[in-house]
Amino acid sequence: MTEDMYDGAEAWRWFWRGVAQVATIPSVILMFAFVGFAGLCRDAGFTLAETVFMAGTIWALPANVVLVGAVLSKASIFTAALSVALSSIRLLPMAVAILPEMRTPKTRKVTLYLLSHFVAITAWVMALERFRVIPKPYRTAFFGGMGGIFLLANLLLVAVTFEIADRLPPLFAAALIFITPLYFLFSLWGSARERESHLAMVIGLLLTPLFHWLAPEMDILLTGLVGGTVAFAAGRLARRRGQ
Amino acid sequence: MTFTAYDAPWWPFLFILLAGWLPTDIWRFLGVYFAGHVREDSAFLVLARTLATALVAAVIAKLVLYPEGALAGSPLALRLSAMALGFLVYVTMGRKVYRGVIAGEVLLVGYLWLSQHVPH
């Protein structure tokens, strides 16, 4: 197809289209979440520099929140690292799922490793949605532009709002926090590629309270492993029966 | 070796790198490595997608069922109703994410506002 016809100018156009994704509703929602995170860190006693450094190097809000919690509970570096590792395991299947969508035989390995740092829920969901209309050779450019601007814009925002983030009116703060699950639910549903993924979502939502009750420290991991495997197996069975 | 174990100005940053960056990016890098070794039509990729989807679903469910901060005091039934209404609007009204978000927010914020301003 077009995979041999890589055009540098066209790649830059897709890069800037990726950058333009900063002005979309999902991106604004992510920014609100980071303002909330800045307030959390300030309350927890982190400095501005530590907060920005943490947000940029980890670049996954759940893992960030877990690390703040570990520091607050005076955990050792090993306990903290283990908790963060458990909360970040989902990034492995997320990276595996998205990489083949933007890889061509000519893509350099180092490009993919660098871009993988941008794999986080918002950019991942947006990429799966948008990639359908982007020619494959230009998807890395688009993803780099989008991931790069998300990172930069949110680090800047954290730095600017650090002092005021915990002084939002409570009703406004509640509305901000609630945008995240609403947005994730609908966009994840919309980006699902096959019946198995919809099934995985439903099972995952239903299993969470059970695993939270059984093992609150590992609820996300267990829900993901069990829910994802059951949904996959059910899909295989349905296909084998020729449905 | 806690976050405040050493007075050195570089220690908090080293702590964040070792306990935050490393155990997060290692999964992304492993993902790139594995993705390079599977065929694009392989069932393994479908499994990767269902695992990733179920993990994110668990993150969503936790935000709704066990919220922290400003949402912690709101009724569970209200948060579940707002999610359900939002999903209904999303699915039935042209699959636009922002419509579902607005519907859910109107119910949540409307109820919280009324419960603060209307005497019981």
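Annotations for the structure displayed:
- Reachable lysines, given that their alpha-carbon falls under 29 Å from the alpha-carbon of residue A:74 and they are not under 8 places away in the same chain: B:62
- Result for chain A in a Gaussian network model with C-alpha springs under 10 Å: among A:105, A:93, A:209, the largest mean-square fluctuation is at A:105.
- Principal axis dimensions, the protein assembly as shown - Cα atoms, whole angstrom, descending: 64, 53, 42
- Across chain A, the longest piece that holds none of the trypsin sites (Lys or Arg not before Pro) lying in DSSP loops with up to 13 other C-beta atoms within 10 Å covers A:109-240.
- Computed on the Cα atoms alone, the convex hull of the stretch A:99-243 gives a volume of 172 cubic angstrom per residue.
- Here is what passes the span test in chain A: the DSSP H helices with alpha carbon length of 30 Å or more along the helix axis and a Kyte-Doolittle mean of 0.5 or above are A:139-161, A:170-191, A:219-240.
- Put in line by how crowded their Cβ is, counting other Cβ atoms within 10 Å and starting with the fewest, B:7, A:219 read B:7, A:219.
- Using the Cβ-Cβ distance between residue A:217 and residue A:20 with R0 = 41 Å, the FRET efficiency computed as 1/(1 + (r/R0)^6) comes to roughly 0.55.
- Compared with the dominant Cα axis of chain B, that is its longest principal axis, helix B:76-92 is turned about 90°.
- In terms of other Cβ atoms within 10 Å, A:14, B:10 run from fewest to most in the order B:10, A:14.
- Listed by Cβ neighbour count within 10 Å, with the fewest neighbours leading, A:102, A:94 appear as A:102, A:94.
- Here the dipole of chain A is about 800 debye; that uses its Cα centre as origin and unit charges on the Cβ of Lys and Arg (positive) and Asp and Glu (negative).
Rule-based calculations on the coordinates, nothing more; no lab input. Predicted, not measured: the structure shown is a model, and the values here were computed from it. A quick note on method: Cβ atoms are made from the backbone with ideal geometry, for glycine too, and the neighbour counts reach across all protein chains shown.
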